[in-house]
Amino acid sequence: MLSLRLVRRRAVNRVAAAFHSKPPPTSAENAALLRDLETALKTDPEAAQRLSTLLSPSTTRNLSRALNSVRKSPPATETAPATAVVTPPTTQELKMVALQMGLPFIGFGFVDNFIMIIAGDYIDLTLGVSLGISSMAAAGIGNTISDIAGLGLGNVVEDFCARLGLPVPALTSEQMLLKSTRLAKVTGSSIGVTIGCLLGMVPLLFLETRPKNDNPAPSKTSDSNESFRSPHMNDMALTKMASPAIASSVARSVLQWFESNSQCRKKIPPSEWTVLAGIVLRSPSLSDAGPSDKFRVLTAATGNKCLGRRDLNADGLVVNDCHAEVLARRAFLRYLYAEALFWQENGLESSEQSIFERHATSHRLVLKPQHSLHLFISEAPCGDAAIYELRQDIVDELVQQREAKTGQADQRERSELRLTGAKAHNKRSRDVDDQKDHATPLDKKFAQAVGIARVKSGRSDLPPEKQTLSMSCSDKLASKNKHSNELCVHD
């Protein structure tokens, strides 16, 4: 009894090894192994249990089909000679081989592309914006995540395809090695992975399309690598009917706030500087010395360069205009939205902490009495506001600096105006008869023309795609002052 059980276990081990060994045995050996296995399974239940632990579910199903095929064929009496001609598989059998190989690859291609697109898009929207990586880098990271996920989902796809119950071609090991069979396997795999990859691109139908932008997104906050210092800094505030005392207090409050809150490295004037802007609230205050004014900085920002027309972005992920006064105004709008939301969520009729109160008749939020808002900018806004007269001592100092730098006397015409760097926007000359004036560049011809729309300053030798389309800060502030009551600004 012990020897019979040992023989049965050896038969089970031989069959399991035959199904896992490479290269596969011949058809006669396979038939003999399958018959030994059937006999062992009928006489010993322990052998069946041992076999179930050695084989995967898909291999067990294939083994069942192979046993059914062997039962229908007579047992082989002798081994075919090694030089026997192998019968090529039929067209139907080759189609079955291609189907067996292609179906799992449909799942592999679908899972790979689906995960890569979803992960790559999410990384592009998060790390791509915060770290400034390109879309191709985000796609590469997404592909890495997809490959890792494919390692765990491979067995799931194979088991799912095995449960479909597709017909298995009854081919011998010699037939599986034929060129036609191998070509059918490669063709089926290629077609399957192509179909799977196309199906895996379904998320593209639901993702928003965005223009190509491989440049780092500029920060919406103050530039932490720049400090505040201007070579021509005057403590001036752009306020509505503001007295010099109020203007000085507004400027002082913004500068003190910057010195106490900025974490950036201080730069060395006059070669290193940036523009600082802030919006300040002036409110009445009572003290032992009597009534006085209290100044509180609501928003502040330092300036940065503007994006060129090639890098413009319309989905809200990139700030196109990064000049200080524009960033300060954007932050002030957010402050107003937060105040309105605070009143709405709490259903208040009055609030001591808020700078607003409800109007007696319209019940809308209005600024409290004796409160005012003031805009401070360390430099004149680009555009028309940047054209002003220079004192003679400043002109002489600029000429001396130029002569010291070049080492020769400056023979150029001296200008007593502080020239604006902003460019005339779509301005065309009407004097076609004056050849000299017609040959003058537009930026130079209309440099001192007041009242025309201008774009931001920038180098004239830059290619068109890198030149900015943002209007000058003078035009923007004038427009907001004319058409909006959010902030009244005057010189």
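Results, tabulated for the structure shown:
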quantity	calculated
Lone unmet requirement of (1) buried (at least 17 other Cβ atoms within 10 Å of the Cβ); (2) part of a helix (DSSP H, G or I); (3) modelled with pLDDT under 85 for residue 169	(2)
Contacts under 7 angstrom Cβ, first residue in region 163-187 being outside the structural domain of residue 104 (by TED's automatic domain parsing), partner modelled with pLDDT under 80, 6 or more apart	none
Yes/no for residue 230 being modelled with pLDDT under 90, closer than 30 Å to residue 59 by Cα and either surrounded by 14 or more Cβ atoms within 10 Å (Cβ to Cβ) or not hydroxyl-bearing (Ser, Thr, Tyr) (or both)	no
Selected residue (criterion: modelled with the lowest pLDDT) from residues of region 130-149 that are surrounded by fewer than 16 Cβ atoms within 10 Å (Cβ to Cβ) and assigned to a helix (DSSP H, G or I)	130
Among the candidates 176, 201, residue that is at pLDDT 90 or above and either aliphatic (A, V, I, L, M) or at positive phi (or both)	201
Filter pass, residue 357 being outside the structural domain of residue 128 (by TED's automatic domain parsing), out of contact with any helix residue (DSSP H, G or I) (no Cβ under 8 Å at 6 or more places or on another chain) and modelled with pLDDT of 85 or more	yes
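The values are calculated or read from the model by the stated rules, or taken from the named source; none is laboratory data. Because the structure is a prediction, the values reported are computed rather than measured. Glycine gets a Cβ as well: all are built from the backbone with ideal geometry, and neighbour counts include every protein chain shown.
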